[in-house]
Protein chains: 2
Amino acid sequence: MKKNITVLFEPEGRKIEVESEISIFEVARMAGVGIRFECGGKGICGKCKVIVLDKKSVSKLTENEKRHLFPEEIESGYRLACQALLKNDTTIMIPEESRILRAKIQVFGLERPVPLKVLVGKFHIKLAKPTLHDVRPDFERILNALRVQTGICELNIDYEVLKFLPEILRRANWDVTITLWNQQKIIAIEEGDTSDRIFGVAIDIGTSKIVGCLVDLKSGKTVSTGFIENPQILYGEDIISRINFAANEKKGLETLQRVVLDGVNHVISYICAQANVDAENVYEVTVVGNTAMHHLFLGVNPKYTAFSPFTPAIKSPVNVKAGDLGVKICKSGNVHVLPVIAGFVGADAVADVLASGIHMQKEISLLLDIGANTEIFVGNSEDILSCSCASGPAFEGAHIRHGMKAVTGAIEKLSINSASDYEVEYKTIGDAAPLGICGSAIIDAVAEMLKCGIINRKGRFNLNVKTPRLRIVDGNPEFVLVWRGESGTGRDIVITQRDLSEVQLAKAAIFAGCSILMKRKNVKVNDIDQLLIAGSFGSYINPENAKLIGLVPDVPVEKVKFVGNTALAGARMALISAEARETADNLSKSIRYLELASDPDFQLEFAMATFLPHKNLDRFPSLKEFFKKLNNEEIHKHH
Amino acid sequence: MKKNITVLFEPEGRKIEVESEISIFEVARMAGVGIRFECGGKGICGKCKVIVLDKKSVSKLTENEKRHLFPEEIESGYRLACQALLKNDTTIMIPEESRILRAKIQVFGLERPVPLKVLVGKFHIKLAKPTLHDVRPDFERILNALRVQTGICELNIDYEVLKFLPEILRRANWDVTITLWNQQKIIAIEEGDTSDRIFGVAIDIGTSKIVGCLVDLKSGKTVSTGFIENPQILYGEDIISRINFAANEKKGLETLQRVVLDGVNHVISYICAQANVDAENVYEVTVVGNTAMHHLFLGVNPKYTAFSPFTPAIKSPVNVKAGDLGVKICKSGNVHVLPVIAGFVGADAVADVLASGIHMQKEISLLLDIGANTEIFVGNSEDILSCSCASGPAFEGAHIRHGMKAVTGAIEKLSINSASDYEVEYKTIGDAAPLGICGSAIIDAVAEMLKCGIINRKGRFNLNVKTPRLRIVDGNPEFVLVWRGESGTGRDIVITQRDLSEVQLAKAAIFAGCSILMKRKNVKVNDIDQLLIAGSFGSYINPENAKLIGLVPDVPVEKVKFVGNTALAGARMALISAEARETADNLSKSIRYLELASDPDFQLEFAMATFLPHKNLDRFPSLKEFFKKLNNEEIHKHH
């Protein structure tokens, strides 16, 4: 038997009333308290430990909990939030380590202002009751009233809404609010005047994170934001392994779709709880993501996007009823998935361009969205050429010995002082004890080591440098950024030779992509009026350092602009502006796509770009002098 | 474990391969063998007895079977087809009594010819495979091919089809047939060239029967027809009791919708099996029915259509995806429910007008669709006025002592010879031994008794008539139509005083409806150019007799025309013609509706019309002489 119970979350002091037999995890989500979610609430990761003050108020320990909790923890009332079901009123403590880490995630991005023109409209109407002298049917009665108020003559009604039409009108005593989508379909009828409650959600489904924002569609303003790790990570860290899982495992595709939908629903539920908004009052969701995520979200097999000739199932925008897809907003609401360009240039990239506005400018832009795949655009209002390169997750902190995501405790900036025994100055997110280094600091580390001569332009350690920080462990050289005494992990934080190779491969792919694209578009470095960098680093990366390692072409630093999460910004624009939506569609059709894999020059360009900044310094004229001087110093120092 | 088994139905000799663990009933349906279905396959009615030759090839006896089968039947291998599940290859005998009775149901009706313009189109296309030089996505590849072939530029794809797009194209080696609905949405993609397999279904959901026809959409020709009793009958014989069930019982509405959907699916499956058509190749269904059936089919509460002011939820046509509604055709196919006019003038009535074409003629028509509710129309191309009257089920054989539906064994015509001791000559459906009388013969019986002076114009028996056929049982007079020796039931078939009252009330309601409607429309009897009668009687009723009892106004017999099942004919027209569909929509908007309940003259008109043919013989000038003569004869005879 279910009953109503009251749950208090501490230390927030947030109270919520729910029906019993619900998991602590679920209630925490409803209360807007973020608990870690690495395994998607399946009792596998053991990261959601919470303390229940009254042990009798929850269900018995599960096998999963016995595996993850120490006896002394069990004694102290520790439980896994995803496993324990609530039975009675209780108080729950959420320890710091179980909270979603305060990540420095780029939720906001550069966003070109667009006139507010949402596709969802609400109309409060008071209808005359039917009489023997006015026997108009319920639907036609609404149509007439809407015609008077809006001038709209032709309207459909969603079947799910039609089913309950007679009851709701009579229960509301003929005083209702009608929600229209795209001036053509009734998607909700609510009792009384609810015209002030009209919300939308923009979602960016990344390979590693799902980020969303809740937007008040009356004002177009964002009212809350949130994110989680993409729970698909359980089925493969990178895109290709997930595509393989979907293609080869039994029910693999269904599983990955369900899991990403769970994730999206989690974000929606979280951002709604944050703003105290009922998810029923969210009527539209716009979604961007790379092409593989786009397909998996729609339950379409992404297999063929991953193998030559990398063909997506569809590039046009897709509108699906929320209820059909399983997105938990108003059941008849709309999910608008933005269009893609190609197998590796997805809806997130369309959103990047849309938000950056490079398609509206006479000036020539080079736009990079750096991630595990980096999308690159070059062009202007006349024509844009795009490509994608497999840059790997090094700049997201993966495949780097002490790399980490941009969450609390990550080093986000650093410099090395060669004059003072190669001392490392650094700054961490949240000013916490350092746990590792995130993308922006990885670039800094490589650039600084290059500047100090700790590594050479081939990315090899210079063992002539004499400092205890440069050492050889098991035959492999590494450089110590943080000594264990200072670190939050009790271990030294280092950069290894292998880390350097990862960074070199990543940046070489990006640089080669830029070079080929510019070549095919016949754009020289000097022609570039602005270089825009999107993506989620710890903080805006240091443009001098990015250039020094040859991550980006040699354009003056004042032309470099960091634009943040333009993918989400573009999704937000499409949410609040029909015009932006149309523009996105046009962009997906008009942006040309270059397949790097079939470009004859790519391999050579890539190989040359593995040097720091490049094998041929003529490609970096502004740095020529610097490297000449550096080289002389080196010779001077060690001879 | 399921396995493939072969089932042979005798005496048809029809063989079918199926997966085991399926009910005999289900397999019979798939094989196109009609078994009775009164309880909807729930083991309640016990009407689906079949003989299984090898007892071991089916599952164990259920409790329901033990209740319905005699021990000797069980010994002989009798089973209930809906209860027994098939395990192994076997042969099944279906005894005559378990077959759907060969009913003389009016499947065909008058149908105005319309130009064939179906909303479903099939296009066989061969696509170029994607290469690195032609990376168009799957959907856009199809769009381009369709544009070349059809000129259509803007197309959606149903989400369910999109999901499987990449797989089907590759499995089919890029040779597929695309099905478009309304030149705007892709609703199916099939391997190879299937363009010759394109079907639609028209369905008329009556209170007592569900009738359907399968139409080849290439030619517009009907290829098979079928019907079943409306299985909702378990939840109430008449509309009002079903509406009450839907409104007041827990899950009542869901139950009635599910049951009527089961019935519709049964008919579809049956007519497809008859014509050896895969239901997946049915892409559209058009549906008509009275307003209550219309609402129940859509799962909309019909409560408010039944109580003043009798307001439907919607009168506009409704299009719903077959999969969303649960109609078992192509999942993304369309179900088009025709529009209604008012709470008691439904989509079936719109179809009546559509098929009869009275809205296109200068001549004035009076159109009646006689059933438990009789819909009446009067007018021409300028204007049509409609009403509905509760005529009760007497003419469908219900509420009459020995009344029955127009199935095998029902008397469909009769005459009484007063010169030969009131001998009754009759004809039965299928020329079987008489079991009862159906609607057309009920009219004959009353008229003949009136002509012979057995009853008077008040509908009372004239006990002065001396014949053993007129007798008094338990104080109530009755007339014997068939002696038990001749009947197929072993009992006398009679007409009672109570039966006469039922007929009088029914015909009075219809006549009063006609009178009021003509009055309000200012049409005199002489203005009527044609009198059209639709509905399912045993055979076309005798127009002289219909007039004699005052069922219809006094128009010359040559102006009376029987038009059959115009409801299904109209649904069929809407299936094969976009133009007809539009006309139906216009008719539902333009036909005016008169609420008899609020007409001040109705009660008096009704009371006067309970006489045979009418209290005031001035209303039947053509019969005046006849009744004067009859009266004289009577006086002469008994004095």
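Length, then width, then depth: along the principal axes, the Cα atoms of chain A run 106, 67, 42 Å. By the gyration tensor of its Cα atoms, with a ≥ b ≥ c the square roots of the eigenvalues, what is the shape of region B:256-365: rounded for a/c under 1.5, prolate for a/b over b/c, or oblate? Because a/c hits 1.5 or more and a/b fails to exceed b/c, region B:256-365 counts as oblate. Remark: region B:9-14, residue by residue, has Karplus-estimated 3J(HN,Hα) of 9, 10, x, 4, x, 8 Hz, where x stands for each Gly or Pro and the curve is 6.51 cos²θ - 1.76 cosθ + 1.60 at θ = phi - 60°. In plain terms, if you count all Cα to Cα distances in the protein assembly as shown and split them into 10 Å steps from zero, the share in each step is 2, 8, 13, 16, 16, 14, 10, 8, 6, 4, 2, 1, 0, 0, 0, 0 percent. Taken along the Cα-to-beta-carbon direction at a fixed 7 Å, the label points for A:LYS42 and B:LYS250 span 3.7 nm. Simple point charges give the picture: +1 on the Cβ of Lys and Arg, -1 on the Cβ of Asp and Glu, and for region A:206-337 a dipole about the Cα centre of about 240 debye.
Shown here for region B:176-263: chymotrypsin sites (Phe, Trp or Tyr not before Pro) in loop regions (DSSP other than H, G, I, E, B) with at most 12 other Cβ atoms within 10 Å, of which there are none. Multiplying each eigenvalue of the alpha-carbon gyration tensor of region B:359-639 by 5 and taking the square root yields semi-axes of 34, 23, 15 Å, largest first, rounded to whole angstroms. Residues in region A:54-66 carry Karplus couplings, in order, of 10, 4, 6, 7, 10, 5, 5, 4, 8, 4, 4, 5, 4 Hz; the curve used is 6.51 cos²θ - 1.76 cosθ + 1.60 with θ = phi - 60°, and Gly or Pro positions show x.
Among chain B residues, the beta-carbon with the smallest distance to the axis carrying B onto A is reported, with distance in whole Å, as B:ASP324, 4.
Farthest towards the positive end of the charge dipole of the protein assembly as shown, among the residues A:THR305, A:ALA28, B:ILE189, is the Cα of A:ALA28, using unit charges on the Cβ of Lys, Arg, Asp and Glu.
Amide H to amide H, with H built 1.01 Å from N, A:GLY109 comes under 5 Å of A:ASN565, A:ALA569, counting only residues 5 or more places away or on other chains. The charge dipole of the protein assembly as shown, taken about its Cα centre with unit charges on the Cβ of Lys, Arg, Asp and Glu (plus for the first two, minus for the last two), comes to roughly 400 debye.
On a per residue basis, the convex hull of the C-alpha atoms belonging to region A:120-191 measures out at 79 Å³. If you wrap the tightest convex hull around every Cα atom of region A:394-500 and split its volume per residue, you get 92 Å³.
Fewest-first ordering of B:PHE344, A:PHE139 by other beta carbons within 10 Å of each residue's beta carbon gives A:PHE139, B:PHE344.
Once the Kirkwood radius over Cα pairs is known for region B:289-446, the Stokes-Einstein relation at 37 °C and 0.692 mPa s delivers a diffusion coefficient of 179 µm²/s.
Of all beta bridges that DSSP places with both ends in the protein assembly as shown, some 70 percent have antiparallel geometry. If one takes the longest principal axis of the Cα atoms in chain B, at what angle in degrees, from 0 to 90 and to the nearest 10, does the Cα axis of helix B:239-248 lie? Computed tilt is about 50 degrees. Inter-copy label distances at A:THR150, using a point 7 Å along Cα-to-Cβ, come to 2.9 nm with the shortest given first. The distance between label points at B:ILE240 and A:ILE240 comes to 7.4 nm (points 7 Å beyond Cα on the Cα→Cβ vector). For region B:117-263, just say rounded, prolate or oblate: build the C-alpha gyration tensor, square-root its eigenvalues into a ≥ b ≥ c, call rounded for a/c under 1.5, and beyond that prolate if a/b exceeds b/c, oblate if not. Prolate is the answer for region B:117-263, as a/c is 1.5 or above and a/b outweighs b/c. Where a ≥ b ≥ c are the square roots of the eigenvalues of the C-alpha gyration tensor, would you call region A:320-412 rounded, which needs a/c under 1.5, or, failing that, prolate if a/b is larger than b/c, or oblate? It comes out oblate by the Cα gyration axes.
Within region B:4-98, antiparallel bridges make up roughly 75 percent of the DSSP beta bridges whose residues both belong there.
Across identical copies of the chain, A:GLU97 has label-point separations of 7.8 nm, listed in ascending order, with the point defined 7 angstrom from Cα along Cα→Cβ. Taking the C-alpha atoms only, the angle from helix B:566-576 to the longest principal axis of chain B is near 20 degrees. Position B:ASP527: other-copy label points at 8.2 nm, ordered by increasing distance, label point 7 Å along Cα→C-beta. Against the empirical 2.2 N^0.38 Å (N residues), region B:177-246 has a Cα radius of gyration ratio of 1.59. From most to least packed by mean Cβ count within 10 Å, the peptides B:324-331, A:205-212, B:500-507 give A:205-212, B:500-507, B:324-331. Kirkwood radius and radius of gyration were both taken over the C-alpha atoms of region B:500-638, and their ratio Rg/Rh is 1.04.
Every number in this text was worked out from the coordinates using simple rules, so none of it is lab data. Keep in mind that this is a model prediction, so the values were computed, not measured. A quick note on method: Cβ atoms are made from the backbone with ideal geometry, for glycine too, and the neighbour counts reach across all protein chains shown.
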